[in-house]
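Working notes, structure below.
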Amino acid sequence: MDHCRVESWVDRYGDALFRYAIAKTGEQSLAEDLVQETFVAAVTGQKQFRNESTVSTWLFAILRRKIADHFRTTSRQESRQEQQEKNALNAATERSWKDDPATICEDKEFRATLDACVEKLPNRLAEVFILREVNHQTPKEICEILGLSATNLSMRLHRCRLAIRDCLNVNWFGEES
């Protein structure tokens with residue numbers, strides 16, 4: 001493996017994988033377990049890595065399968081989405097887009113509302129939003145991870161941003177759509 005040493009994978013990719021896992025699962029301990037399982041699977045299967053993509057892309061693909069496997073085999077009593085929607089609706093009051101974006105993003109209520117809006121997105125849109133806006137992956141990396149064309153990625157990002165804007169207008173700013 002020329003891309004990097006196996007020993008450095010956790011330091012180099014661990015945080016980004018964890019952010020993705022926590023965004024998809026909503027549970028810190030579950031996210032930690034899935035990331036750990038990802039690294040174990042990568043180490044045991046490293047001989048199968050064919051250098052057709054970056055190590056990062058390969059690790060994200062493993063993590064995506066681990067998350068999908070988890071949700072296929074586990075059911076939850078109340079989904080994270082339902083809980084976040086309740087919290088967001090209870091916290092929604094009159095607000096304005098004119099507020100300082102940095103201040104708004106630091107607001108825990110806003111973060112809960114934004115998370116609820118992301119949870120409402122179809123999985124195909126939520127994935128691109130998380131990879132681009134949370135993990136700061138490049139468009140090229142996202143295309144490799146998800147197997148998308150650049151045009152398809154642009155369209156998905158555009159659609160998810162519109163959906164999040166509409167959701168925030170209703171649930172944060174109290175505007176009708």
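The values are calculated or read from the model by the stated rules, or taken from the named source; none is laboratory data. The model shown is predicted, which means the values in this text are computed figures rather than measured ones. Please note: Cβ atoms are built from the backbone with ideal geometry, for glycine as well, and neighbour counts cover all protein chains shown.
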| field | Which listed residue, of 102, 88, 92, 31, is buried (at least 18 other Cβ atoms within 10 Å of the Cβ) and modelled with pLDDT under 80 | value | 88
| Hits in region 131-167 - residues which are β-branched (Val, Ile, Thr) and modelled with pLDDT of 90 or more | 138, 142, 145, 151, 164
| message | Let me confirm something: among 141, 133, which residue is over 18 Å from residue 111 (Cβ atoms) and of a type outside the set (A, V, I, L, M)? | response | 141
| Cβ pairs under 8 Å, 6+ apart, first in region 158-172 and more than 11 Å from residue 121 (Cβ to Cβ), second among the polar types (S, T, N, Q) and part of a helix (DSSP H, G or I) | 168/113; 171/113; 172/113
| task | Run down 118, 128, 170 and say which single residue is modelled with pLDDT of 90 or more, touching a Phe, Trp or Tyr at 6+ places or on another chain (Cβ under 7 Å) and either among the β-branched types (Val, Ile, Thr) or more than 28 Å from residue 32 (Cβ to Cβ) (or both). | result | 118
| query | Counting only residues that are crowded, with 18+ Cβ neighbours inside 10 Å and without any contact (Cβ under 8 Å) to a residue 60 or more places away in the chain, which one in region 1-24 is nearest to residue 142 (Cα to Cα)? | reply | 17
| Only one residue in 35, 40 is outside the structural domain of residue 118 (by TED's automatic domain parsing), more than 18 Å from residue 138 (Cα to Cα) and free of Cβ contacts under 8 Å to residues at least 12 places away in the same chain. Which one? | 40
